[in-house]
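Since the structure comes first, as structure tokens, the remarks are kept for the end.
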Amino acid sequence: MAYDAQHALEHPEAAAWALGALDLDDFRAFEEHLQSCEQCQAEAAEFAPVAEGLKRAAPAAEPPDDLELKTIAAVQYAVMAG
């Protein structure tokens, strides 16, 4: 099957669907469309490994408030000790 760019523009939901980012109504509508659309099935399958990889990614974290001061102090200590 040849890639149809126009179809992809008409159905940009494939990535959001694979990532679980669609609201319930859009999810249901795309699921229905997906049952009969080979191009969207192929696109959704391409995004599946990305979605799986993101599940294993480290969660966002804020550094401690004093990290900058501790880093500068550690560098200054290393310079003076060296």
Tally Lys/Arg at +1 and Asp/Glu at -1 over every other residue whose Cβ is under 12 Å from the Cβ of Pro12; what's the total? -4
Label point at Leu54 placed 7 Å out along Cα→Cβ; residues across region 12-26 whose backbone nitrogen lies under 17 Å: 12-24, 26
Between Pro12, Thr71, Ala57, whose Cα lies farthest towards the positive end of the dipole of region 5-81 when Lys and Arg beta carbons carry +1 and Asp and Glu beta carbons carry -1, centred on the Cα centre? Thr71
Proximal charge balance of Ala74 [Cβ under 14 Å; K/R count +1, D/E count -1]: -1
Kirkwood Rh, Cα Rg: Rg to Rh for region 5-81? 1.41
Could you calculate the contour length gain from Phe27 to Ala61, that is, 0.36 nm times the residue separation minus the distance between their Cα atoms, to one decimal place in nm? 9.3 nm
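The numbers here are math on the coordinates, done by the rules we state, and not lab data. Predicted model only: the values in this text are computed from it and were never measured. Backbone-built Cβ (ideal geometry, glycine too); neighbour counts: all protein chains shown.
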